[in-house]
C-alpha cells in the first residue's frame, strides 16, 4: 500500500491515507477540546450568576477567565486543521455548502468570543458588589446575561458544526459558467 496521495483529478483526495488519518485525529481532538472549553465556560458562568456569595462568584469568574486561555489556541487549531483537511480531501474548502457553513460558523464563534465575551468576563469580576444592607447583588445584569448567552450560543453553533461534519448535507455549490456557444451547422453558413 502506497502512502502517496490519491489521483490528482479535481475533487480527489490530495493527502496520503496516513496524513489524512493523522489530520483527522488532530482536528477531532482540538475541536472536542474547544467544545469542552465552551461547555466549561458555560458551567462556570452559570455557577457565578447563581451563587449568593461574592467571593465565590469572583472566583468562578476568574476560573472562567483562566479556562478561556485555552479557547484561542483550540479555536485556531480547529480552524487551521479544518481548512487543511478540507483542502486535502474531495470536499474542498469552497465546493460544498456544509463545509462553507462550518467555516462561517467557526469564524463567527471566534470573532464573537474575542470581541464580546472576553470583555464581559473581565468586567464581571470588578462589578461584584455588596448592597448597603449587606447583601450581594452580583455582576451587572447585561454582563451576566451575555456571560450566559454567549457560551450557550457558542455551544449550539459548535454542535451544529459537528452535526454538519457527520451528515454533510446540501451538496455542492453550483458554479456559474459562461454559456458555451455552439458552432453553426455547416448548412446554415451557406
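What follows is calculated from the coordinates using simple rules that are stated; it is not laboratory data. Keep in mind that what you see is a predicted model, and the values were worked out from it rather than measured. Neighbour counts run over all protein chains shown; Cβ positions are idealised from the backbone, glycine included.
Quick notes
- Packing-based order for 20-26, 98-104, using average beta carbon neighbours within 10 Å, highest first: 98-104, 20-26
- Spin-label model distance (nm) - residue 19 vs residue 32, 7 Å beyond Cα toward Cβ: 2.5
- Separation in nanometres of the label points that stand 7 Å from Cα toward Cβ, at residue 104 and residue 176: 1.8
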